[in-house]
Amino acid sequence: MNPYLELNLSPEASDSEVRAAYLRLAKRYAPAHAPQQFARIAKAYALIDTPAKRLHLETLGSPAEEATESLVQENLERLRLHRPRPSWESLCQHFGQTGTKA
């Protein structure tokens, strides 16, 4: 997600312009009427609401994107390690038994 696009701003926008854009869009997409749009706007504003966060975003990327990427990698690793339980029929074939349950 590009917070500047979400707030309809250029990356060169001043802190007051960022705040004004957020307030304008927050009024337009009030949480009671459009909760999903408001959540996107609030998340975008949270990424660039201070000069330090804007600098971090411009130099290192979004901390949310980094966290998401690490979660994706962690879940992929878990899926690679997960082995599904064998079916009853495959166990019977492996041990040379008939496939009927007693």
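Just so you know, all these numbers are worked out from the coordinates, no wet-lab data involved. All values reported here derive from a predicted model rather than from experimental measurement. Backbone-built Cβ (ideal geometry, glycine too); neighbour counts: all protein chains shown.
Here are a few things to note about the model shown:
- In Hz, Karplus ³J(HN,Hα) per residue of segment 54-60 (6.51, -1.76, 1.60; θ = phi - 60°; x = Gly, Pro): 5, 5, 4, 5, 6, 8, 10
- Peptides 40-46, 50-56 ordered by average Cβ neighbours within 10 Å, highest first: 40-46, 50-56
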